[in-house]
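Here the structure comes first, spelled out in structure tokens, and everything after it is commentary.
The values are calculated or read from the model by the stated rules, or taken from the named source; none is laboratory data. These figures come from a predicted structure and were not determined experimentally. Cβ: placed from backbone, ideal geometry, glycine included. Neighbour counts: every protein chain shown. The accessibility values were calculated without ligands, DNA or RNA, using every heavy atom of the protein model including side chains. Shrake-Rupley method; radii C 1.70, N 1.55, O 1.52, S 1.80 Å.
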Amino acid sequence: MDKNQFPSTKYPIHHLDGESGESWMGLIDGIYAIAMTFIALELPELVIALVNLKEKNIKSELIVSLIGYEFIAYTATFLMLYELWTVHKSILKIGGLKQKTQSLCNSLILALTSLGVGNIILILNEKTKAVTSHITSNSKQIDIMYDWFDNHDFLGLFTMIFLALMFFLMSLLASNSESHRISQDLQLLSKNLNIRGLYFVASCLLWIPLAFGKSVLFPPALVVILFLFLSFNQDAIDTFLKRWRSHT
């Protein structure tokens, strides 16, 4: 049989609605929704473990503080997932998904989302176990805070690396779109995502003191909270910078 008689085959993504990326929206929504749900389901169990510290005659103020740390970590994680979901869907909505490179980036982003959430759950579990096992009725608030931040530091470093990789992959996803050359929105988004990735790469420098037997310079949760503040107020910050430049 002449090889020219064989029907031409297409890469699987070409059989989907790649122009708008709509075929991927359900999968993306599902991955992020499941990730958010897993963390929400884990939180009550962790809170109960902290509430049970009353049996050790632990002061209520300490217990409330630890529960507050749990809720801060949960809120920061939820908002970060929301940020990633928004950017991810925007890229596919604007540029679609037709290239093999895009398909690979899309798959890796979803995989890192699942791994990242698993890492967050592990961090919360391990920190809660460590604190509940070390805390005593004589423990002080400042000691508990440092104990919470210092436990399992390297897991926090992995979180920063996961986030940096995800933003770089999203930038690559946007820049490899067929619409990238003609879409100013995609070009700006790709550039902005690279900056976000570099932010989390730079944040990894906070772990340098660990090599010298010292503590992390800045709690990882605050790094994420600062990023979220800057991200959610990006328009206001851009407006302020434009006005400042015009006056100078």
query = Going by accessible area, probe 1.4 Å, with all protein chains left in place, what is the ranking of Tyr82, Tyr69, largest first?
reply = Tyr82, Tyr69
remark   = At 25 °C and 0.890 mPa s, the Stokes-Einstein diffusion coefficient in µm²/s for region 150-248, with hydrodynamic radius from the Kirkwood sum on alpha carbon pairs, is 160 µm²/s
note = With the 1.4 Å probe rolled over protein heavy atoms, the chain has an accessible area per residue in Å² of 57 Å²
request  = Quick one: which residues, 5 or more positions from Lys59 or on another chain, have an amide H under 5 Å from its amide H? H modelled 1.01 Å from N in the peptide plane, none for Pro or chain starts.
outcome  = none
note = One quarter of the C-alpha convex hull surface, i.e. the mean projected area of region 22-73 in nm², amounts to 3.8 nm²
key: Over region 80-186, relative contact order from alpha-carbon pairs under 8 Å, at least 6 apart, %   = 52 percent
query = Where does each of 103-111, 184-192 land if you order them by average Cβ count within 10 Å, highest first?
reply = 103-111, 184-192
task = Choose one of Met25, Asn125, Leu205: the residue whose Cα lies farthest towards the positive end of the charge dipole of the chain (beta-carbon charges +1 Lys, Arg; -1 Asp, Glu; about the Cα centre).
result = Leu205
request  = Report the calculated FRET efficiency for Ala211 and Leu122 (r = Cβ-Cβ distance, R0 = 22 Å), to the nearest 0.05.
outcome  = 0.45
message = Given the DSSP H assignment, sum -39500 (n - 2.57) over each helix run of at least 4 residues in the chain and divide by its residue total; what's the result at 222 nm in deg cm²/dmol, nearest 500?
response = -25500 deg cm²/dmol
ask   = What fraction of the Cα pairs in region 37-167, stated in percent, has a spacing above 23 angstrom?
value = 42 percent
ask   = Where does each of Phe154, Phe168, Phe212 land when they are ordered by accessible area, with a 1.4 Å probe and the largest first?
value = Phe212, Phe154, Phe168
query = In percent, how large is the relative contact order of the chain, given Cα pairs closer than 8 Å and 6 or more residues apart?
reply = 22 percent
inquiry  = If I take every Cα pair under 8 Å that is 6 or more residues apart in region 172-236, average their sequence separation and divide by the length, what percent do I get for the relative contact order?
reply    = 16 percent
query = Using θ = phi - 60° and the Karplus curve 6.51 cos²θ - 1.76 cosθ + 1.60, what whole-Hz ³J(HN,Hα) does each residue of region 119-129 get, with Gly and Pro shown as x?
reply = 5, 5, 4, 4, 4, 4, 5, 5, 5, 5, 4
key: Sulfur and carbon atoms: percent of accessible area, the chain [1.4 Å]   = 64 percent
request  = Can you tell me which of 237-247, 128-138, 157-167 comes out highest on packing, and rank the rest after it, using the mean Cβ neighbours within 10 Å?
outcome  = 157-167, 128-138, 237-247
ask   = How about Lys100: which lysines have a C-alpha closer than 20 Å to its C-alpha, ignoring those fewer than 8 places off in the same chain?
value = Lys10, Lys89
ask   = Which value results for Rg/Rh of the chain when Rg is the Cα radius of gyration and Rh the Kirkwood radius based on the inverse mean 1/r?
value = 1.08
query = For region 186-248, what is the charge dipole size about the Cα centre, in debye to the nearest 20, if Lys and Arg each add +1 at the Cβ and Asp and Glu each add -1 at the Cβ?
reply = 140 debye
note = Distance in nm between Ser139 and Leu115 label points, each 7 Å along Cα→Cβ, equals 3.2 nm
task = Could you tell me what % of all Cα pairs in region 199-246 have separations over 19 Å?
result = 45 percent
inquiry  = Taking the full set of protein chains and a 1.4 angstrom probe, give the accessible area of Met145 in square angstrom, rounded to the nearest 10.
reply    = 60 Å²
key: About the Cα centre, charge dipole magnitude for region 22-99 (Lys/Arg +1, Asp/Glu -1 at Cβ), debye   = 140 debye
inquiry  = Whole-Hz ³J(HN,Hα) for each residue in region 95-108, computed from phi via Karplus 6.51 cos²θ - 1.76 cosθ + 1.60 with θ = phi - 60°, x for glycine and proline: what do you get?
reply    = x, x, 8, 10, 8, 5, 4, 4, 4, 5, 4, 4, 5, 5
